[in-house]
Amino acid sequence: MATTSIYGENPYKEDVRTHTISVLVDNEPGVLARVIGLFSGRGYNIESLTVAETRHRQGLSRITIVTSGTHMIIEQIKAQLGRLVPVHSVSDLTIEGPSVSRELALVKVDGVGEKRVEALRIADIFRARAVDATTESFVFEIVGDTEKLDAFVELMKPLGLVDLSRTGVVAIARGPESMAGQDN
């Protein structure tokens, strides 16, 4: 049975888009749990999450969240994040101007003979480094945008992909200003 309307697509339906949101927070226990609780309590999905201390002297950490939703949902997420007590600033890197984002992956590939040679050739094309090697396997380290990593993983599947570990997206705005509006 068809689930689409006989009247066609809804012209008022908003597009769901992926956004990278950077949140500067106090580096203290429970902050990440509060941020995660905001997402889970409202049914928002987190596609990628990274957290690290970025300013030791000020006691600040950066949380980078990749999420998706309509324009209204993304605006709600940003507003609700901004109201959390330990949050200093919230930036939507997807719309606030140029930014740089990267992800790191470790990709374990099992292979001998021609598959081994092909895996090394593809790794060279993608500028992946072999960080571990045995006579039957490699562990490649690859850094780049999410699409690059996805493409590399897809090419490694038929060559003997065994395991995969990804860091999640880290991102930062381009230009001279810091997220908090002041130099470190």
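The values are calculated or read from the model by the stated rules, or taken from the named source; none is laboratory data. Computed from a predicted structure; not experimentally measured. Cβ placement follows ideal geometry from the backbone for every residue including glycine, while neighbour counts extend to all protein chains displayed.
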Checklist line | Some residue of the stretch 132-153 being touching a residue at least 60 places away in the same chain (Cβ under 8 Å) and in contact with a helix residue (DSSP H, G or I) (Cβ under 9 Å, 6 or more places away or on another chain) | finding: no
Margin query: Looking only at the stretch 109-167, filter to residues that are buried (at least 17 other Cβ atoms within 10 Å of the Cβ) and part of a loop (DSSP other than H, G, I, E, B); which one of those is farthest from the chain's Cα centre (by Cα)?
Written below: Gly111
Item checked: Count of residues meeting criterion [within 18 Å of Pro86 (Cα to Cα), at pLDDT 90 or above, assigned to a loop (DSSP other than H, G, I, E, B) and not acidic (Asp, Glu)] in the stretch 8-57 -> 3
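If you go through the stretch 36-90 one residue at a time, how many are polar (S, T, N, Q) and within 11 Å of Leu24 (Cβ to Cβ)? Lay out the reasoning, then the answer.
Taking the stretch 36-90 first, the residues polar (S, T, N, Q) are 40, 45, 48, 50, 54, 58, 61, 64, 67-68, 70, 76, 80, 89.
The next check asks that each one be within 11 Å of Leu24 (Cβ to Cβ); those that pass are 54, 58, 61, 64, 89.
Residues that pass the stated criteria total 5.
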Notebook entry, point to check: Which of (1) out of contact with any helix residue (DSSP H, G or I) (no Cβ under 7 Å at 6 or more places or on another chain); (2) within 24 Å of Val66 (Cα to Cα); (3) of a type in the set (A, V, I, L, M, F, W, C) is the odd one out, the single condition Val117 does not satisfy?
Noted result: (2)
